[in-house]
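The values are calculated or read from the model by the stated rules, or taken from the named source; none is laboratory data. As the structure is a prediction and not an experimental result, all values here were calculated from the model. Please note: Cβ atoms are built from the backbone with ideal geometry, for glycine as well, and neighbour counts cover all protein chains shown.
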Amino acid sequence: MGLIIKSNIRKSVKDLDKENAITGVADEVGAALERKNEEVLMDAIKRAKANGRKTLQARDI
């Protein structure tokens, strides 16, 4: 799908890891995030359809 940008993963990890315990991010993290993101979006699409809407909304997530 291409929603996940690898350089943003490293930046996000650095910003979220307040203790600076994580020093690197493996390449497969991007692929895993893509899969997880796809799952979340597919579930949200199903919910919107089940509620008779054609617009995906934050509450569907």
How about the stretch 35-46: which of its residues are surrounded by 11 or more Cβ atoms within 10 Å (Cβ to Cβ), farther than 13 Å from Leu3 by Cα and of a type outside the set (Val, Ile, Thr)?
Asp43, Ala44, Lys46
Looking at the stretch 1-21, which of its residues are modelled with pLDDT of 95 or more, aliphatic (A, V, I, L, M) and assigned to a loop (DSSP other than H, G, I, E, B)?
Ala21
Residues of the stretch 18-34 being surrounded by 11 or more Cβ atoms within 10 Å (Cβ to Cβ) and either of a type in the set (Lys, Arg) or closer than 19 Å to Ile4 by Cα (or both), in sequence order, are Val25, Val29, Gly30, Ala31, Ala32, Leu33, Glu34
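Results for (1) among the aromatic types (Phe, Trp, Tyr); (2) in contact with an Asp or Glu (Cβ under 8 Å, 6 or more places away or on another chain); (3) in contact (Cβ under 8 Å) with a residue 12 or more places away in the chain, shown as yes or no for each residue.
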| residue | (1), (2), (3) |
| --- | --- |
| Ile4 | no, yes, yes |
| Arg10 | no, no, yes |
| Lys18 | no, no, no |
| Glu39 | no, no, no |
| Ala48 | no, yes, yes |
| Lys54 | no, no, no |
